[in-house]
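So the structure is just underneath, and the comments pick up after that.
The values are calculated or read from the model by the stated rules, or taken from the named source; none is laboratory data. Everything numeric in this text was worked out from a predicted model, so none of it was measured. All Cβ positions, even for glycine, are placed from backbone atoms using ideal geometry, and neighbour counts span all protein chains on display.
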Amino acid sequence: MKKIVVLSLFLLISSSLLAQKAKESTYKKFDLGLGFFTDIWQDLPEGMDARTINQGFQVSLMYNHRIGKGGVSMAIGIGTSFHNLFSNTVIPDIKADSISFVPIGDSISYKKSKLQLSYFDIPFEFRYRSKSGFRMAFGFKASFLYDSKIKYKGERLSDDGVEVKVKSKSVNQLETLSYGPTVRFGYKWVNVFGYFCLSNTFKKDRGPELYPISVGIALIPYQ
């Protein structure tokens, strides 16, 4: 994911420089945005403690359509987002018919245990921008899961003191579709945003009914 973040930052800076040379009527129709956020996970199963900061990242390309002569517009686009859940638990069998999280024993020393989910996003927004540069937007986002993995680094759960690194892909019983409302406020480049997921991460009765609320900072050079 680090390579994706670096590439996205490069595209953001490049698009900003190009925008200065492009016609206003052209570049104001599109914007490339980067978002850095933390997931606040809700309805955690018994015995699970999530880390306070569950860092995530998103990038989106939006087409902006102005409504009337004021500062109101609507936008639709495409993007991708990466959500993380760091916790004191592991998934014993990611291919099971029913997914469960098992707490790591107190005698086990570990550095990291996480679930990572990667989505293809389709965001939609109603926007307002004042002449002074204040921005706000309310919208909705539908996301489609295209990758999932677990990562664990620490002692084996058998409590024999042996250090291991485990990375497994394609966790079973995850919901393919995720969706929820979005909100964003800011001034010029810098915006604060939130996303409230209305759907469960796992299929009903096939895993815990947990879902994220995402809060973070978005960088949008123009819109």
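Within the set of pairs 6 or more residues apart or between chains, which connect a residue that is outside any strand (DSSP E or B) inside the stretch 178-192 to a residue that is not charged (D, E, K, R) with Cβ atoms less than 6 Å apart? These pairs meet every condition: K188/G133; W189/L219; W189/P221.
Is it the case that E175 is at pLDDT below 95, farther than 16 Å from S73 by Cβ, within 19 Å of the chain's Cα centre (by Cα) and not aromatic (F, W, Y)? No: the conditions fail for E175. Scanning the stretch 102-139 for residues that are within 16 Å of E155 (Cβ to Cβ) and in a strand (DSSP E or B) yields V102, P103, Y110, K111, K112, S113.
Going through (1) exposed (fewer than 14 other Cβ atoms within 10 Å of the Cβ); (2) on the phi > 0 side of the Ramachandran plot; (3) in contact (Cβ under 8 Å) with a residue 24 or more places away in the chain one by one, G161 falls short only on (3). In the stretch 80-101, the qualifying residues are those that are assigned to a strand (DSSP E or B) and in contact with a Gly (Cβ under 8 Å, 6 or more places away or on another chain), and the one that is nearest to K29 (Cα to Cα) is S81. Evaluated against (1) surrounded by 15 or more Cβ atoms within 10 Å (Cβ to Cβ); (2) hydroxyl-bearing (S, T, Y); (3) more than 24 Å from F120 (Cα to Cα), S143 falls short on exactly one condition, (3).
Determine whether the stretch 45-65 contains at least one residue that is surrounded by fewer than 19 Cβ atoms within 10 Å (Cβ to Cβ), closer than 21 Å to V190 by Cα and at pLDDT 95 or above. Yes, the stretch 45-65 has at least one match.
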